[in-house]
1. Please give the length that would be gained between Asn255 and Asp462 if that part of the chain were fully extended, namely 0.36 nm times their separation in residues minus their C-alpha to C-alpha distance (nm, one decimal).
2. Starting from the Cα-Cα distance between Thr336 and Ala243, subtract it from 0.36 nm times their residue separation and give me the gain in nm to one decimal.
3. For the residues Leu577, Leu598, what sequence is obtained by ranking on other C-beta atoms within 10 Å, fewest first?
4. According to the square roots a ≥ b ≥ c of the eigenvalues of the Cα gyration tensor, what is the shape class of the range 454-524, taking rounded for a/c under 1.5, prolate for a/b larger than b/c otherwise, and oblate for the remainder?
5. Label-point separation (nm) for Val481 and Thr427, each offset 7 Å from Cα along Cα-to-Cβ?
6. Return Ser512, Ser391 ranked ascending by Cβ neighbour count within 10 Å, so the fewest neighbours appear first.
7. How large is Rg over Rh for the range 403-547, taking Rg from the Cα atoms and Rh as the Kirkwood inverse mean of 1/r across Cα pairs?
8. Of the listed pairs Lys259/Lys357; Lys404/Lys507; Lys315/Lys365, which have alpha-carbon separations greater than 25 Å here?
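Here, each number is a calculation from the coordinates, and none is a lab measurement. Being a predicted model, the structure only gives us computed values, none of them experimental. All Cβ positions, even for glycine, are placed from backbone atoms using ideal geometry, and neighbour counts span all protein chains on display.
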Amino acid sequence: MSQLFVDNIKNRSGGAVGAPSGAVVTGVVTATRFVGSGTSLTGIDATALKDSGGNIKVQANTSGIVVTGVSTFTANVSVGGTLTYEDVKNVDSVGLITARSGIRIGAGQSVSAVSGIVTYYGDGSQLTGVESGVSNFVASGTIANGQTVILKTDGTVTGVATAGAGTTFSPSATNYSGTNVCENHIATYDTAKDRVVIFYKDQTGVNGFAVVGTVSGTTITFGTPVSAISSRPAYHDACYDVASGKIVYAFRDDNDSDKGAVLIGTVDASNNSISFGSKVVFESSGPVSWPEIAYDVNAQKVVIAYSQGSSYAGKAIVGTVVGNSMTFGSIATLATRPYGKDIVYHEAAQKVVVFYKDDNSNKGKAKVGTVNGTSITFGSESEFESGSIDSSWVESSYDPVNEKVVVIYNSSNGKANVGTVSGTSITFGTSQVFSSGSTAQLAVVYDVNAAKTIIIYNTNSDGKIRESTISATTITFGDEVTWTPLSQEYPGATYNTSQGATVIGFKNPSNSGRGDAIVYKAEQISTNLTAENYIGIAAEAIANTATGKVNILGGVNTGQTGLTTAKTYYVQPGGSLATSVGNPSVVAGTSVSNTKILIR
């Protein structure tokens, strides 16, 4: 083998040496640069691409090129495939960044401006989970999540609340029956004429009477009693028909084979009197027992629930006032043997609820009724008392703020329970005792001004009152108040909305059993709410003097419970929400689910 030892090799022109068949070099090739496509290069030792410390900075293999140090590009970089990275701490772009498949931000991270304002361009139709309709305010007093708030003149917010000013009674009872002894008092209120009408059974004669009263403050004055029917009805009830502006009086006609009948009454406010049309029979097969009546505002009809015959078959019928008379639909089945019942209209559900003692088990039961035209159907039976109840006294009322019904009754003790209507069914909470020992002579009304349910009863021969408050399905009671230090019997009560007063008519044994009445004003309500200062609903709990979020106009508050979807809700004087108008009338918003309300 021959060897050639030279320092330089050039071609005859002094340029590069050509090797048309290639060159095999077994040693190191040192070059200041390489020119060519390099597509046929093989066997290159990448370890030659090292820094002064011997560390590989660029390594090329069949999988690509790996750069372990900092790379600087003075021109554009184009990547035809996927650019994969483990971590990018900062992207500092002076131009537009386009992310064709979107940008994902880790949990707990945020998008914010280094300075100035972040501006979003677009219609926002695809944005979700974005908080809107929210502003920060400083709280004046502690504010709960979901609480309605007002804006104060100093720019802070505080919760809507009320303050009380005590309770007031009539200075004395007012007689309305003259010298007649009477019992079985019932009462209703003519909202158009602003008059109270009390019906009672005259024990001295043989008549059922009606008397009209005017309330002013805590004083009531009466006109002359009018004989409604020339019999002493063993059972009777009355309601006001809003559509016709008439009083509907339902009763058992003891002088006509104990049939069920009604009279239509027209109140004359000029002289506190009432006149009646002709009797209309709704049940010709007697005896009729416990006819109870309620007005269905939605259907603009009255509903009468009653028991019929010796088997006490439970029935119901829908009536329509026509002038001074009434027409009826077909009779519907209520229950097998319902004793001592009451009926109330549920405004939010647009249903009637009938409460009664089930004579087969002696338990307290209830059913929800739906009026359709001139007919009524009932849902399934529910139980509000598992023990034995007294059939003589089952009374009920409706709380429009909490959208609940309250039933009071005697079951060894005076008890109350709260019912929640859903569709055609009703469920109950746990019954609560409002009076220890056997309690009779019951009545109950809802006081709109005080936002309380007023329970009227007799114990230890004294007339008692307890103001009660509902929260969810629980009812709590205020102090027991003696409204008369004498026995009262057969009370009938109604609420006078113009005066914010409860009127109670009763048999007064201390006045020889005559018919007397008192006026009771529950805790007088003052509220910090006005027609202008409602700002929204707290989006979170806010401590006193702290800054917190409030859902304002256009915002959606999620801190609610028990709302009925697609209803307008109003702020009540105490700050709660209800579908009925409060005083003052302030719209809170529209419910979009049972837990969310759109502020408006």
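1. Gain in length upon complete extension: 71.1 nm.
2. Result: 30.2 nm gained on full extension.
3. Leu598, Leu577
4. The shape class here is oblate.
5. Those two pseudo-labels are separated by 3.4 nm.
6. Ordered from fewest to most neighbouring Cβ atoms within 10 Å, Ser512, Ser391 come out as Ser512, Ser391.
7. We get a ratio of 1.06 for the range 403-547.
8. Lys404/Lys507
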